[in-house]
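Working notes, beginning with the structure itself.
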Amino acid sequence: MSIALPALVMQDQAQSVADGLVAAFCAQVTQGREAVLDASALQQFDSSALAVVLACRRAVLALGGVFHVTGLPARAQALAKVYGVTELLG
């Protein structure tokens, strides 16, 4: 199962984006099921996009799922490295 991040995730949108994605994952994830967050559409973002990704990860893991992120832009990967969360993005 794959759910996509929108193209724009800035601080102003982060909470509503996170709420929507977490709800979508909660509706679909079951024990042991793989959940993929597709970040390939992400174009405009700040560090709050990482908070959104981590909120999705927490929700999926809490449901017993397996979380993966695909298509994370290089700049977002660099931010994850700076914040020390690269290993959490699996």
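The values are calculated or read from the model by the stated rules, or taken from the named source; none is laboratory data. Note that the structure is predicted; figures quoted are calculated from it, not measured. Note that each Cβ is placed from the backbone with ideal geometry, even for glycine, and that neighbours are counted across all protein chains shown. Side chains are part of the model used for accessible areas, which takes the heavy atoms of the whole protein and leaves out ligands, DNA and RNA. Shrake-Rupley method; radii C 1.70, N 1.55, O 1.52, S 1.80 Å.
Quick rundown of the values:
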item	result
Fraction of accessible area attributable to carbon and sulfur, the chain (%, probe 1.4 Å)	55 percent
0 to 90° range, to nearest 10: angle between helix 74-83 axis and the chain longest Cα axis	80 degrees
Heavy-atom accessible area ranking, 1.4 Å probe, most first, across Arg75, Arg57	Arg75, Arg57
His68/Leu8 FRET efficiency (R0 22 Å; Cβ-Cβ; nearest 0.05)	0.50
Accessible-area value, Arg33, 1.4 Å probe, nucleic acids and ligands omitted, Å²	100 Å²
Glu34, Glu87, ranked by accessible area, largest first (probe 1.4 Å)	Glu87, Glu34
Options [x] 63, 23, 17; [y] 32, 25, 18; [z] 37, 25, 18 - which one matches Cα extents along the principal axes in Å as calculated here	[y]
Spin-label pair Val85/Arg58, simplified geometry with 7 Å Cα→Cβ offset, distance in nm	0.9 nm
